[in-house]
Amino acid sequence: MMRDGGPVKRSVTIAGHQTSISLEPLFWDALAAEAAAQALPLNALVARIDLERIEADVPPNLASAIRVWLFRRALARTDA
């Protein structure tokens, strides 16, 4: 279910370390849907996005990387 609203902070575990991420409910919902579509736990999908993020020349913060990753996925679907 897609919802509006301000950022919601949640904790996720990446490589055994807990970190907090603030995302709007719309992005949390989209992230959960992507994790389900890929048959992955949410933490595993966030870890994959984090690995892509840290390979960038100038890595964005994790919340920004998640938003961009989700946006690119949505664009790829509309281009198909």
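The values are calculated or read from the model by the stated rules, or taken from the named source; none is laboratory data. Note that the structure is predicted; figures quoted are calculated from it, not measured. As a convention, Cβ positions derive from the backbone with ideal geometry for all residues, glycine included, and neighbour counts pool all protein chains shown. Note: accessible area is taken over every heavy atom of the protein model, side chains too, but ligands, DNA and RNA are not part of it. Shrake-Rupley method; radii C 1.70, N 1.55, O 1.52, S 1.80 Å.
If only the Cβ of Lys and Arg carry +1 and only the Cβ of Asp and Glu carry -1, the dipole of the chain around its Cα centre is close to 160 debye.
Loop-located trypsin sites (Lys or Arg not before Pro) in the chain (DSSP state other than H, G, I, E, B) with a sparse environment of at most 12 neighbouring Cβ atoms within 10 Å: 3.
The loop-placed GluC sites (Glu not before Pro) in segment 10-80, going by DSSP, that have at most 15 neighbouring Cβ atoms within 10 Å of their Cβ come out as 55.
Close amide H pairs (under 5 Å, H built 1.01 Å from N) link residue 14 with 19, residues at least 5 positions away or on another chain.
Quick check: convex hull of the Cα atoms in segment 30-80, volume per residue, rounded to a whole Å³?
Values: hull volume 4.0 nm³, N = 51.
So the per-residue Cα hull volume is 79 Å³.
As a fraction of the 1.4 Å probe accessible area of the chain, surface on carbon and sulfur atoms comes out at 56 percent.
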